[in-house]
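> Input: one structure, supplied below.
Derivation of every value follows stated rules applied to the coordinates shown; laboratory data play no part. Keep in mind that this is a model prediction, so the values were computed, not measured. Don't worry about glycine lacking a Cβ; one is built from the backbone with ideal geometry, like all the others, and counts go over all protein chains shown.
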Amino acid sequence: MPASRTDAYLRSVTLLRDRVEDFGQYPFSIPAIRELESLELHPKVTFLIGENGSGKSTLLEAIAVCAGFNPEGGTTNFRFSTRPSESGLHSHLRLARGVRRPKTGFFLRAESFFNVASEIDALGVTDSYGGVSLHEQSHGESFMALINHRFGERGLYLLDEPEAALSPQRQLALLSAMHRLVDPGQSQFVIATHSPIVLAYPGGRIFSLTQDGIEVVEYEQTEHYRLTRDFLLDRDRYLRRLFSASGADERPAPDRPVKKR
């Protein structure tokens, strides 16, 4: 049976605009956040994409904190704080929850995963993560140990750039694990990513955060897909343009107008 809107643990996120005192202050000054009203999350997989600084990680972090997760990552039971750096966006959001409640969940942040691994060791719960300290594994191995041993069915999983530690082959393994957890595992994912591989998960909803706001896009419309496809189809031409003095300021995207940054 196709998933319906009520199957989602998190149905939507809304910015309580009347609580914002100054849209000129961070993080409300970020264009995508400034234009945010309400986003309807997909009951299975929702992606947040955009350039660096577009606000996707800021928004994901705020959703995670609003949902009860520790700002630095982990489960809802983690309450450690190494260096508080989260924005105040979470206090201006409202989450609409579905009729179901998740059985488990995890907020994974690549940038603070070291701190989470240290907390796991300190709590003595390594057995729940495969029995080997995450610090005794490579970054990619520890990510996959977390996903394979700690992620379970009926879970809510918020992932911030999980590809940061994963080779292309491991990114495919992530897609496989996600699929087992989503169908038939009845889990929900919200993922901020730059990876065209991770973004390729079928049937998900992709929100693109830009200078103009937030919009739903199809996979083939994303710059992640188009740029990667065109580069691989004609690598030599892209590199010639990239390295040429005349094309130093050009974005090598033949199917869209060239813009200067």
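> Give me the number: length gained by fully extending residue 132 to residue 91, i.e. 0.36 nm times residue separation minus the C-alpha to C-alpha distance, one decimal in nm.
Stretched fully, the residue 132-residue 91 segment lengthens by 11.1 nm.
> How much net charge surrounds residue 209 when only other residues with a Cβ under 13 Å from its Cβ are counted (Lys, Arg +1; Asp, Glu -1)?
In short, -3.
> Mind putting together the pair-distance distribution for the range 123-205? All Cα pairs, 5 Å bins, whole percent per bin, short to long.
3, 14, 25, 25, 19, 9, 3, 0
> OK, next. Considering only C-alpha atoms, what is the centroid distance from the range 50-78 to the range 174-221, in Å?
16 Å
> Given all pairs of different Cα atoms, what value in angstroms does the Kirkwood hydrodynamic radius of the chain take?
19.5 Å
> Could you tell me which residue out of 239, 115, 96 lies farthest along the dipole of the chain toward its positive end? Charges go on the beta carbon: Lys and Arg +1, Asp and Glu -1, centred on the Cα centre.
The residue sitting farthest along the positive end of the dipole is 96.
> Do you know the relative contact order of the chain, to the nearest whole percent, from alpha carbon pairs under 8 angstrom that are 6+ apart?
Value for the chain: 22 percent.
> What is the packing order of peptides 191-197, 125-131, 44-50, taking the mean over residues of other C-beta atoms within 10 Å and listing the highest first?
Descending packing order for the listed peptides: 44-50, 191-197, 125-131.
> Among 218-231, 13-26, what's the highest-first ranking by average C-beta atoms within 10 angstrom per residue?
The densest-packed peptide leads the list: 218-231, 13-26.
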